[in-house]
Structure formats: C-alpha cells, structure tokens
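Okay, so here's the structure we're looking at.
The values are calculated or read from the model by the stated rules, or taken from the named source; none is laboratory data. Quick caveat, the model's predicted, so the values are computed rather than measured. Note that we place each Cβ from the backbone using ideal geometry, even for glycine, and neighbour counts take in every protein chain shown. The protein model used for the area step is the full one, side chains on, heavy atoms only, and it has no ligands, DNA or RNA in it. Shrake-Rupley method; radii C 1.70, N 1.55, O 1.52, S 1.80 Å.
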Amino acid sequence: MLRRSKLLILLCFAWSECLASNLVDTMDMTNKIKCLDMSPKYRKRADKLVEVEVDVTIISISSLNLAKMELNLDLHLSQTWTDKRCMFRLLPRQEKVVTLQGYGLQHRLEHLWIPDTYITNAVSTTQHPAPQPQQSTKVHFSGEIQHRVRLSLTASCPMNLQFFPFDHQKCILSWQSYSFPNSKVHYKWANNSTLRFQEGEAYQESMMPEMKLRGFRKTSRVVLDDNEEKSRIDLILYFDRPLGYYLFEIYTPAVFIVIMSWFNFWLNRSATPARITLGVTTVLTITTLKANADSNLPHTSYPKAIGLYLWVCFVFTFAALIEFSAAAYLEKRRNFLQSKLPPS
C-alpha cells in the first residue's frame, strides 16, 4: 500500500511537471506580465522616484561638420529601471527574462511605461525600422526593465575655430526627461569610467580620419528647464585634429608659392612679360589656395589661424608684384630722363 502511494505521488508530480513544461512552451508569457496588458494604468509612471541607468555604445562617429557645427554618429542607447508592477512569478523551466523584439511583440510597448528620454541638443534623431525594429525590451521577473535602441543622431556641436587647424574641440551629448522633474525621474550613468565602441577604436579612427577622439567624460547634473529642476546626464567627447592634411596640402604649397614669387627679384628689369606672368600667377594661386581652405569652414567674425597664415602669404606674393611695378616705373622714368639729357 505504501509503495502504491509513493508511486502515485511520483506519477502526479511527473504529470504536473509535464503540464507546466507544455504551458511554458505554448503560452505567450507576456500575457502573464501585468504591466504588458491593455490596461491604461500601466502607461503611467510609478508613483515613487524612478532611477534610470543609462549606457551608451557607439557604433561609429561618422563626421564632425565644421560648416554646420554638427556631430553625426550612430549609437546604441540602453536604459534600465525597475517597475515593481512588472514583477511576475516564475514557472518551472521558465526563463527569468522575457524579451520583446520584432514586429510581433513591439506593440506591447504601447502599454508599458518607458522614460521619455530625449537628447537636448539633437538636430535630428532616426531609428532603424528595417528589416526588423532595431530595438529590444527585456523584462526581468524581479521587475527590472532594460530598453535598448539603435539611433542615428545629428547633434549640434558649437566650436571655436580661432586656432584652426591647431584647435581642440569638444562635443556634448545630453540626455534628460522631457516631462518629469528630478523628483520623479532621475538619470545616472551605468558606468562612468568606460565608453564602449561596437567595432573598436581602430574602426572609429578609420571612419573619421579628419578628427581623432582624444578622450571622453561622463557627468550628471540637475538643470532648470521650464521652471523645473530636471536630471541631466552628459557625454563629453574630446577631439584633436591631425595636421598631416593641412601641412602637405596647404602650408607647404603656400611656402613654395611665396618662394616662387621671389624669383622676380633675380629677373632682369627689362624682362617684363616674364615678370608679369610670374607675379600674377603666384597671386592667383595663393588666392585659390585660400579659397579652397575656407570652402568647408563657417564664416566667423574672428580670424582663423589658417586664414591669417594664407593672408600673410598673399601679402608677400602681392608685394613681389608691386616691387616689379615700382621697378618697371623707375626704369621707365630713368630712360625718360636720360632721353632729355643733351648728347655729350
């Protein structure tokens, strides 16, 4: 009798395990998470303070536009917070995390509260919907939620170009809540000491050879926005400008053009066609070089270092042309005066 009872208990336990396994395999677990149902109450923020941890992984920084003073980059933005309303009870053989990804489950996010985070200095922000929405939301059984999305971003980056191209620039990316003050939604960095690149730093250097990322800094602060104190986090990127292009394409040619204009000093004063051709050619060449150097730069009220250098080069070449004009005039005047003298 005792053996039959034990056998019956074992059979009942095995049957329950089988039912639970089939239940987990066939049932959409999102139906068991209260905060993902159709109730509008879960679209609202929880009553207590929400701590949002933010992490950024940079895919690539494609360009730093000098004319528009904008930074273009692609990144993964990850936000993690805890919502006790999303806690659920684990069933046997059930995973601890439910992942919402793709067109089939993304509609569930319409009924889940997500921080209304935005980039304060963004000019344009684009998500990637194809071939599947490049975002995912993971709900942990403890109520922890992680939302990760890929963004293509263009952000304003004011720059001081007074020492261009010997300048050092910094660009700031700032995140904060659009609606909630610091007392309701608080932001902080998940990791203050590291900045991850998806393809590595070597790939980043090849993507933007005109600038080199020198370092970064992550900060958090409270700012006054719309008469409310809001939590804001900043990612500050520091850039250096390599000088190789400017040395070989602008500075060195300008030096040789100025030296070429000095050839006028060794030509005979009577060689008028040669001296005019050389003088005008050097002036026009240095003017073209200056125009090319300024073509990708914004028009500023202050002079730039490269502009001052080329302006001095222009003065030297133009002075050589003026010297020829003065020499030609003096030669002509001397000949005229000699013609007025009586023959000896």
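Among the candidates ARG4, ARG45, the residue that is open to solvent by less than 90 Å² (accessible area, probe 1.4 Å), of a type in the set (Lys, Arg) and either under 24 Å from ARG148 (Cβ atoms) or at pLDDT below 70 (or both) is uniquely ARG45.
Go through the stretch 132-151 and count every residue that is farther than 12 Å from THR80 by Cβ, of a type in the set (A, V, I, L, M, F, W, C) and open to solvent by less than 60 Å² (accessible area, probe 1.4 Å). Adding up the residues that qualify gives 2. Each residue in the stretch 83-105 was checked for being of a type in the set (Lys, Arg) and part of a loop (DSSP other than H, G, I, E, B), and 3 of them qualify.
Hey, does the stretch 196-211 have a residue that's closer than 30 Å to VAL315 by Cα and open to solvent by 60 Å² or more (accessible area, probe 1.4 Å)? Yes, that holds for at least one residue.
Scanning the stretch 234-257 for residues that are touching a Ser or Thr at 6+ places or on another chain (Cβ under 8 Å) and either assigned to a helix (DSSP H, G or I) or closer than 30 Å to PHE318 by Cα (or both) yields a single hit, ILE257.
For LEU289, state whether it is farther than 19 Å from MET211 by Cα and at pLDDT 90 or above. Taking the combined requirement at face value, the residue satisfies it.
Here is the figure for the stretch 274-320: residues that are of a type in the set (Gly, Ala, Ser), within 16 Å of LEU66 (Cβ to Cβ) and open to solvent by less than 70 Å² (accessible area, probe 1.4 Å) total 4.
Considering only the stretch 215-233, I want to know if a residue exists there that is assigned to a helix (DSSP H, G or I) and under 26 Å from the mean Cα position of the chain (by Cα). No - not one qualifying residue is present in the stretch 215-233.
Of VAL258, VAL283, all but one fail to be closer than 16 Å to TRP311 by Cβ and in contact (Cβ under 8 Å) with a residue 40 or more places away in the chain; the exception is VAL258.
A single member of PRO303, PRO209 is without any contact (Cβ under 8 Å) to a residue 40 or more places away in the chain and either in a strand (DSSP E or B) or over 30 Å from ASN182 (Cβ atoms) (or both), and it is PRO209. Taking the criterion of being farther than 30 Å from PHE239 by Cα and among the aliphatic types (A, V, I, L, M), the residues of the stretch 128-165 that qualify are ALA130, VAL139, ILE145.
Looking at the stretch 152-163, which of its residues are more than 11 Å from the chain's Cα centre (by Cα) and either open to solvent by 10 Å² or more (accessible area, probe 1.4 Å) or at pLDDT 95 or above (or both)? Correct list: PRO158, MET159, ASN160, GLN162, PHE163. When the stretch 83-129 is limited to residues that are open to solvent by 60 Å² or more (accessible area, probe 1.4 Å), touching a Ser or Thr at 6+ places or on another chain (Cβ under 7 Å) and modelled with pLDDT of 85 or more, the one that is nearest to ILE172 (Cα to Cα) turns out to be VAL123. Each residue in the stretch 62-82 was checked for being open to solvent by 40 Å² or more (accessible area, probe 1.4 Å) and in a strand (DSSP E or B), and 3 pass. A residue that is touching a residue at least 12 places away in the same chain (Cβ under 8 Å), more than 16 Å from SER261 (Cα to Cα), exposed (fewer than 15 other Cβ atoms within 10 Å of the Cβ) and among the aromatic types (Phe, Trp, Tyr) cannot be found anywhere in the stretch 321-341. Taken across the stretch 175-183, residues that are open to solvent by 70 Å² or more (accessible area, probe 1.4 Å), more than 30 Å from LEU90 (Cβ to Cβ), part of a loop (DSSP other than H, G, I, E, B) and touching a Phe, Trp or Tyr at 6+ places or on another chain (Cβ under 6 Å) do occur, with at least one present. Inside the stretch 130-149, residues that are within 24 Å of the chain's Cα centre (by Cα) and modelled with pLDDT of 90 or more make up a count of 4.
Pairing each residue of the stretch 226-252 that is closer than 21 Å to ILE61 by Cβ and open to solvent by 40 Å² or more (accessible area, probe 1.4 Å) with any residue that is assigned to a helix (DSSP H, G or I) and of a type outside the set (S, T, N, Q), provided the two are 6+ apart or on different chains, yields no C-beta distance under 6 Å.
Give the stretch 184-195 a look and list any residue that's exposed (fewer than 13 other Cβ atoms within 10 Å of the Cβ) and of a type in the set (Val, Ile, Thr), or say none. Give the steps one after another, and end with the answer.
Just the residues of the stretch 184-195 that are exposed (fewer than 13 other Cβ atoms within 10 Å of the Cβ), to begin with: 191-194.
Within the stretch 184-195, just THR194 meets the criteria.
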